[in-house]
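J.: Right, I'll just put the structure down here and ask away after.
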Amino acid sequence: MNEETFKKCVYVVLFLLIAIFFTKDINFFGPKFYRDVTEIEDSKELTVLVNKNYKLKEDYIPPDLEQISLDYATDEKYMRREAKEAFEHLSEDARQMGYQIIATSTYRSYDYQEKLYDYYVQMKGQDYADSCSARPGHSEHQTGLAVDVMGSNQDYDLFEQSIEFNWMKENSHKYGFILRYPSRKEKITGFKYEPWHYRYVGREVATIIYKNNWTLEEYKEQ
């Protein structure tokens, strides 16, 4: 190989490396979400994975839903018994330290989620709806294990700006909850960052996820 040919080979390799670096996160075949959707069989598992690729049955209703005390919720909100008790414990401990953790959204039925998703589609289009709202059957809220919270600033959309945000982020795992849709994990979860959305998975699993900075998807892959 002469010097000129060698230089051309080097340039080609460099070009390919640069191209790979700048396009590594691009999915040229479209989004991976809502493709090859699997219907969930064991919906009662505390670590059940519900996302854009795993779907709950339309008629699934958690068998042990209980109302959260109105001391810790905006109005009548329901979660599965174990998650509800853990959330009340969390909220009461937070209150003792001068914080206010209040549930604003918990269990949602398939029909409710369908209407909510359709509303977003009608208002801002399907791309926007898919970034911030789950399609019916794909919402964690249907499991009865998810909770959207607000702090003392009384606005869940602004929960990250509340004094409760850091306490919740650093302590929720002790009660079995994880921040379900963290920042910079959108390509894994399929949803934009939601600082208010927490999911009950049990203390042992929540602690593992917290210590490793994982999402539930990443935990399930282990």
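J.: In the stretch 170-205, what count of residues is obtained for those that are assigned to a helix (DSSP H, G or I) and within 13 Å of the chain's Cα centre (by Cα)?
T.: The qualifying residues number 4.
J.: Is it true that residue 128 is surrounded by fewer than 22 Cβ atoms within 10 Å (Cβ to Cβ), out of contact with any Asp or Glu (no Cβ under 8 Å at 6 or more places or on another chain) and either within 23 Å of residue 82 (Cα to Cα) or hydroxyl-bearing (Ser, Thr, Tyr) (or both)?
T.: yes
J.: Hey, can you tell me all the residues within the stretch 47-64 that are hydrophobic (A, V, I, L, M, F, W, C) and either crowded, with 16+ Cβ neighbours inside 10 Å or touching a helix residue (DSSP H, G or I) at 6+ places or on another chain (Cβ under 6 Å) (or both)?
T.: 48, 49, 50, 56, listed by residue number.
J.: Please count how many residues of the stretch 78-132 are touching a helix residue (DSSP H, G or I) at 6+ places or on another chain (Cβ under 6 Å), in contact (Cβ under 8 Å) with a residue 60 or more places away in the chain and not in a helix (DSSP H, G or I).
T.: 3
J.: I'm checking my understanding of the structure. Among residues of the stretch 23-43 that are basic (Lys, Arg) and surrounded by 10 or more Cβ atoms within 10 Å (Cβ to Cβ), which one is modelled with the lowest pLDDT?
T.: 32
J.: Among (1) over 25 Å from residue 45 (Cα atoms); (2) crowded, with 17+ Cβ neighbours inside 10 Å, which single condition is residue 190 missing?
T.: All conditions pass for residue 190, except number (1).
J.: Determine whether residue 195 is in contact with a Leu (Cβ under 9 Å, 6 or more places away or on another chain) and either modelled with pLDDT under 95 or of a type outside the set (S, T, N, Q) (or both).
T.: Against the criterion (in contact with a Leu (Cβ under 9 Å, 6 or more places away or on another chain) and either modelled with pLDDT under 95 or of a type outside the set (S, T, N, Q) (or both)), residue 195 qualifies.
J.: Checking the structure you have, find out if any residue of the stretch 208-217 is of a type in the set (Phe, Trp, Tyr), touching a His at 6+ places or on another chain (Cβ under 7 Å) and either without any contact (Cβ under 8 Å) to a residue 12 or more places away in the chain or not in a strand (DSSP E or B) (or both).
T.: For the stretch 208-217, residues of a type in the set (Phe, Trp, Tyr), touching a His at 6+ places or on another chain (Cβ under 7 Å) and either without any contact (Cβ under 8 Å) to a residue 12 or more places away in the chain or not in a strand (DSSP E or B) (or both): present.
J.: Please go through the stretch 133-161 and give me each residue that is within 25 Å of residue 202 (Cα to Cα) and either hydroxyl-bearing (Ser, Thr, Tyr) or part of a helix (DSSP H, G or I) (or both), ordered by number.
T.: The answer is 133, 139, 140, 141, 142, 143, 156, 159, 160.
J.: Taking the stretch 142-155 as the search range and keeping residues that are of a type outside the set (A, V, I, L, M) and either under 14 Å from residue 191 (Cα atoms) or surrounded by fewer than 24 Cβ atoms within 10 Å (Cβ to Cβ) (or both), which one is nearest to the chain's Cα centre (by Cα)?
T.: Only one residue tops the list, namely 148.
The values are calculated or read from the model by the stated rules, or taken from the named source; none is laboratory data. Note that the structure is a prediction, hence the values are computed from the model and not measured. For neighbour counting, all protein chains shown are included, and Cβ atoms are generated from backbone atoms with ideal geometry for every residue, glycine included.
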